[in-house]
Amino acid sequence: MSNFDLDTTAVRKLNQYLHQTPADKVVVDKPGGRHSIAVGLDASVDITINGHVGYYCGGMNKLATIRIHGNAGPGVAENMMSGTMDISGSASQYAGASAHGGTLIIRGDASSRCGISMKGVDIIVAGSVGHMSAFMAQTGNLVICGDAGDHLGDSLYEAVIYIRGSVGELGADCIEKEMTAEHVQKLAALLHTAGLDHVLTDFRRYGSARKLYHFDIDHADEY
Amino acid sequence: MIDKRALKESATFPANVLAEIHRAADQGIYDIRGFGAKREVPCFDDLLFLGASMSRYPLEGYREKCATNVTLGTRFASKPIELDIPITIAGMSFGSLGANAKESLGLAATMMGTSTTTGDGGMTSEERESSKTLVYQVLPSRYGLNPDDLRRADALEVVVGQGAKPGGGGMLLGQKITERVAGMRDLPEGIDQRSACRHPDWTGPDDLKIKIQELREITDYEKPIYVKIGATRVTYDVTLAVKSGADVVVVDGMQGGTAATQDVFIEHVGIPTLPAVRLAVDALKELDMHREVQLIISGGIRNGADAAKALAMGADAVSIGSAAMVALGCNRNAWVEDYEKIGTLPGYCHHCHTGACPVGVATQTPELEARLRPQQGALWLRNYLSTMVLEMQTLARACGKSHVLNLEPEDLVAMTIEAAAMARLPLAGTNWIPGSN
Amino acid sequence: MCGIVGIYLKNKDIQSSLGTCLASMLVQMSDRGPDSAGVAIYRDPLTEDEIKLSLFAEGSMDWQALGLELEQCTGSEVLFEPRASHALFTVADNGFDVSTWIRANHPALRIMSAGKSIEIYKEKGPPGEFVSQFDLQQFSGSHALGHTRMATESAVTTEHSHPFSTGLDLCLVHNGSLSNHNHLRRKLRNCGVNIQTDNDSEVAAGYVMWRMREGDSLEQALERALGDLDGFYTLAVGTANGFAVLRDPIACKPAIMAETEDWVAMASEFRAIAQLEGVENARVWEPAPATVYAWGGQ
């Protein structure tokens, strides 16, 4: 196991080391809210970070497993391609922004714009999410065990939202949809991945009404 | 019996304004089109070079060399970009252009020793393979963005805005969202793409600074990072781009093109390239960063004279988009029936948004794409770029310069008061710079 | 665009550490605010019949001579303490309008702050330099706001730095960009609010002061600001007894808060707070958009 103390070692050195695909597990202490920790990883590296991180932790992650024992700043797992990020605390805004794949688990709350522009990632939030979550979400799944702030799924495309708690004012073109057996199964698998246990029938599904897919003068007030 | 002499067109409601109001009454939506601003604005045509005379001596052609090379990205990157010519190909998406067009651009750029730029759809293998030096855009939409392409790129360009629509996001209509385009952008086929106007994970230069650091960490500090802005508050924007950590700043004036944007946006937002150059250079000089952070100017660059004038005003390079498309055949006088089918004629066409480009440049339709063979397109573009370079060298030699980057503002005068004020150059025949003295 | 920090010491026993905390928070925000730095420190509250003013002079200034002039005007002893390009004056608050007198007789001076406990110091240059120039680590006090600036639309000068104060013991720091500040500036000037620069943040400060002058509480003024200010902003406002935080409804500009038994802190980035004593046990949260948070009362 390799240890890094970010009070004495630069983030740059840590990232350089991680880019060389270490075979052993890596533990990072004293992150102190620093930015861009463990970004651009490109192999099945296993890394644990003890403390709160700043912006873009795990940015553009491929294949790596990154655990944060603490909170994450804005843009955690942004543009993640594959792999797993697991955050014990809460995440600031833009969590999982434009991420293409992999799994992002947030065990506290996520702030505004969780899953903004998501392009295939699975995001599971044990708590609640802030406003404008899943804004322009294209594909992928967002599971919210708590509540959602206003404008959930504003202008979304084909991403699927499962939510257990309350929803504020919905975003443009986002509507409640039927939970079919297939959706229930999918939800079960997602919750299982995160190790969360909830009654599946407590969840509702939201998706695109698809009225903004082609401009129609009668829907102009959605713009 | 009409007396044609008595027919008087209204200057406030001329024919095209009447047509537009009728169209809006029919369709209930803004007009969307391609190309850049069509209205007349003060531009480089209003500037003239002061060639050699008794006090300045010209260079002979041939052995008295006029060099054209430029290096971009010297500020922080460990692998700056070396170009043979100070003319690059601007960002245009695969999606707005077809694959053959992208390949043509790459082949020609490689032949001329310059770079091409990806656009709002990500990087295609055709472009990476055909283009020796490729700049990879990071846009608000993030379509197709991935770390592998980030690492395969030679430089990155964070797009804050473009001249055609500063403050607007990308747009691609359903007819161009084919299976391949949809796949690259993670969108359903055939729908109209809506795009964000802000980046999803940062807002403001203070956070951009952190974002640029992240991109550097991911790419191991190798690649130059450009920041591209549409010309509006150029002084602040260039200053902030430098403070955010850019290696290169790209400023795109209002004449800059697009494949699909609201006409109202194209014509009424942003300032012309001419004042934008001056403001950008002033901002860099104020920060003591002129030539340290390189400046690329785009937006209506059409010939070697435009390029030379931009460099004389202080730019390090220019970038062409619309002009490159024209070199590939845009608005060429061929396939006239197909222009008519989309409601226009050669010379007037701005119908990139329809996807029915008669010359096979801005289309995803295979039968139309086939009309542009990459080898032919590459040859046309290479010839055009060569012509631009020869024109630049001719002008530079006439001004006594052995390198085009030695052109300076004092080599220029202006022909109109507006151009003189905007470029801060003297009105020809006088010492007068409106607004300055 | 900028970095903002604020710290309020609930535990009176640690007031001597205010300056050290503030200094470390400010320096952590250097990347996002390299152009200038400023602080508003609340300490050593004066009695009813005294007032302190923080004055700034470009270039050298004979503070002693100014002190003698003010003694003549107020008929009372004047104390002053020079600090880099500033000087803190303590004068009698006995009906003589010192601020107006200074503006009329020493137009080259800038009044950075006036009040019973507030002291504002701000200067061009990197935050690290500011900290040593002003010997920030030495300060003790009850609470403070700080700001590091990346200038967007107005010049990098001392006057354009934050915090802005447009009222007694009142100050404001801002991260973001207001889109209707020109219109608001004209309106506020019409209402008699003295706004000295073209900086959008000074408009926000003037607005809050104007509303409070019209009878709003700080909370009410900030609630109203949500409707009248347009643009992106995280604001922190300091008053004699505490501070308040407000984010606009779109809430893109960052803000993070933390609280322990001993202190409440806010910052644009967590790393500014990460250094504070006891942070491992702090409650850490993000202020919600369009919501006023206030500590310590007005």
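The values are calculated or read from the model by the stated rules, or taken from the named source; none is laboratory data. Just so it is clear, the structure is predicted and the values come from calculations on it, not from any experiment. All Cβ positions, even for glycine, are placed from backbone atoms using ideal geometry, and neighbour counts span all protein chains on display. Please note that ligands, DNA and RNA were not included when accessible areas were found on the heavy atoms of the full protein model with its side chains. Shrake-Rupley method; radii C 1.70, N 1.55, O 1.52, S 1.80 Å.
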Probe 1.4 Å, protein heavy atoms only: A and C together bury a total accessible area in Å², to the nearest 100, of 1000 Å²
Between the residues C:Met212, C:Leu170, C:Leu109, the Cα farthest towards the positive end of the dipole of chain C, that dipole coming from +1 and -1 charges on the beta-carbon of Lys, Arg, Asp and Glu, is from C:Met212
Within region C:1-97, DSSP-loop GluC sites (Glu not before Pro) with at most 10 other C-beta atoms within 10 Å are C:Glu48
Toy charge model, Lys and Arg Cβ at +1, Asp and Glu Cβ at -1: the protein assembly as shown dipole around Cα centroid in debye, rounded to 20, equals 2080 debye
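Accessible area per residue for region A:1-100 in Å², computed with a 1.4 Å probe and the full protein assembly in place, what is it?
Numbers: 3020 Å² over 100 residues.
With all protein chains present, region A:1-100 gives 30 Å² per residue.
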As a percent rounded to 5, the proportion of antiparallel DSSP bridges among beta bridges in the protein assembly as shown is 55 percent
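P(r) tail for region A:109-223, what percent of Cα pairs lie past 25 Å? Don't skip to the end; give the middle numbers.
Details: 991 of 6555 pairs.
Here the tail beyond 25 Å accounts for 15 percent of pairs.
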So the carbon and sulfur contribution to the accessible area of chain C, 1.4 Å probe, in percent, is 46 percent
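Would you mind working out the accessible area per residue for region B:297-437, using a 1.4 Å probe, and quoting it in Å²?
Numbers: 5630 Å² over 141 residues.
So region B:297-437 comes to 40 Å² accessible per residue, rounded to a whole number.
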Taking a crude spin-label model, label points 7 Å out from Cα along the C-beta direction, the B:Trp432 to C:Leu79 distance in nm is 6.3 nm
In whole Hz, the Karplus estimates of ³J(HN,Hα) for region A:97-113 (6.51, -1.76, 1.60; θ = phi - 60°; x where Gly or Pro) are 3, 6, 6, 9, x, x, 10, 10, 10, 10, 8, x, 9, 10, 8, 5, 6
Simple SL model, points at 7 angstrom along Cα→Cβ for B:Leu345 and C:Trp101; separation in nm is 8.2 nm
Expressed as a whole number, the average count of other chain Cβ atoms within 10 Å around the Cβ atoms of A:135-142 is 3
Within 10 Å of the Cβ of an average residue in C:280-286, the count of other chain Cβ atoms is 4
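When the accessible area of chain B is computed with all protein chains present and a 1.4 Å probe, what percentage of it is carbon and sulfur?
Numbers: 9330 of 17210 Å².
Whole-percent figure for carbon plus sulfur exposure: 54.
To the nearest 500 deg cm²/dmol, what mean residue ellipticity at 222 nm is calculated for chain C from DSSP H runs of n ≥ 4 alone, each contributing -39,500 (n - 2.57), summed and divided by the residues? Mind dumping the intermediate values first?
On the way: 8 runs with 77 residues, N = 298.
Counting only the DSSP helices, I get -7500 deg cm²/dmol.
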Ordered by number, the residues of region A:36-57 that have at least 50 Å² less accessible area in the complete protein assembly than on their own chain alone (1.4 Å probe) are A:His52, A:Tyr55, A:Tyr56
Listed by chain and number, the lysines with an alpha carbon less than 22 angstrom from that of B:Lys79, same-chain partners under 8 positions apart left out, are A:Lys13, B:Lys132, B:Lys209, B:Lys211, B:Lys223, B:Lys228, B:Lys243
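Name the shape class, rounded, prolate or oblate, that the alpha-carbon gyration tensor gives for region B:11-83, where a ≥ b ≥ c are the square roots of its eigenvalues, rounded holds for a/c under 1.5, and otherwise prolate holds if a/b is larger than b/c and oblate otherwise.
Working: a/c = 4.66, a/b = 1.88, b/c = 2.48.
Oblate shape, in that a/c is at least 1.5 and b/c is the bigger or equal ratio.
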Cross-link reach from B:Lys65 to aspartates and glutamates, straight Cα distance under 16 Å and at least 8 residues apart if same chain, gives B:Asp84, B:Glu391
Contact-by-burial set, region C:26-58, min loss 40 Å², accessible area of protein heavy atoms with 1.4 Å probe, reference chain alone, gives C:Arg32
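Excluding B:Asn16 itself, what net charge comes from residues whose Cβ is under 13 Å from its Cβ, given Lys and Arg +1 and Asp and Glu -1?
Values: positive: B:Arg23, B:Arg33, B:Lys38, B:Arg39; negative: B:Glu9, B:Glu20, B:Asp31, B:Asp263, B:Glu267.
Around B:Asn16, the charge tally is -1.
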Distance in nm between B:Ser10 and B:Glu337 label points, each 7 Å along Cα→Cβ, equals 3.9 nm
Counting Lys and Arg as +1 and Asp and Glu as -1 over every other residue whose Cβ sits under 9 Å from the Cβ of B:Arg128, the net charge comes to -3
With x for Gly and Pro, the residue-by-residue ³J(HN,Hα) of region C:62-70, computed from phi through the Karplus equation 6.51 cos²θ - 1.76 cosθ + 1.60 at θ = phi - 60° and given in whole Hz, is 8, 5, 4, 4, 4, x, 5, 4, 5
Computed from the beta carbon distance with a Förster radius of 56 Å, FRET efficiency for C:Glu129 and B:Ala24 to the nearest 0.05 stands at 0.45
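Take every residue in peptide A:27-33, count the Cβ atoms of other chains within 10 Å of its Cβ, and give the average of those counts.
Going residue by residue through A:27-33 and averaging, the value is 3.
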Residues whose built amide H sits under 5 Å from the amide H of A:Val28, excluding neighbours closer than 5 in sequence, are A:Phe4, A:Thr48, A:Ile49, A:Asn50
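For chain B, what is the calculated [θ] at 222 nm in deg cm²/dmol (nearest 500), taking -39500 (n - 2.57) for each run of four or more DSSP H residues and dividing by its residue count?
Details: 15 runs with 148 residues, N = 437.
Rounded to the nearest 500, it is -10000 deg cm²/dmol.
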Region A:1-100, convex hull of Cα, quarter of hull surface, nm² -> 4.9 nm²
If each K or R counts +1 and each D or E counts -1, the residues other than B:Lys176 whose Cβ falls under 12 Å of its Cβ total -3
One would report the antiparallel percent of DSSP beta bridges in region A:109-223, rounded to the nearest 5, as 35 percent
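For region A:109-223, with every protein chain kept in place, what is the accessible area per residue (1.4 Å probe, Å²)? List each step's numbers first, then the result.
Values: 4610 Å² over 115 residues.
The answer is 40 Å² per residue.
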Heavy-atom accessible surface buried between A and B, both sides counted, 1.4 angstrom probe, nearest 100 Å², is 3300 Å²
Karplus ³J(HN,Hα) for region C:79-90 (6.51 cos²θ - 1.76 cosθ + 1.60, θ = phi - 60°; Hz, whole; x = Gly/Pro) runs 10, 9, 9, x, 8, 6, 7, 10, 8, 9, 9, 10
Once normalised by the length of region A:109-223, the mean sequence separation of its alpha carbon contacts under 8 Å that are 6 or more apart gives a contact order in percent of 21 percent
With all protein chains present, region A:1-100 has a carbon and sulfur share of its accessible area (1.4 Å probe) in percent of 51 percent
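What is the ratio of the Cα radius of gyration of the protein assembly as shown to 2.2 N^0.38 Å, where N is its residue count, to two decimals?
Working: Rg = 29.8 Å, N = 958, 2.2 N^0.38 = 29.9 Å.
Ratio of Cα Rg to 2.2 N^0.38 Å: 1.00.
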Any residue on another chain or 5+ positions along whose placed amide H is under 5 Å from the amide H of A:Ile87 is listed here as A:Ile68, A:Ile105, A:Ile106, A:Arg107
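Can you bin chain B into rounded, prolate or oblate? Criterion: square roots of the alpha carbon gyration tensor eigenvalues sorted a ≥ b ≥ c, rounded for a/c under 1.5, prolate for a/b above b/c, oblate for the rest.
On the way: a/c = 1.43, a/b = 1.10, b/c = 1.30.
Taking the square roots of the gyration eigenvalues as a ≥ b ≥ c, chain B is rounded.
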In degrees, nearest 10, the alpha-carbon axis of helix A:181-194 is tilted away from the dominant principal axis of the alpha carbons of chain A by 20 degrees
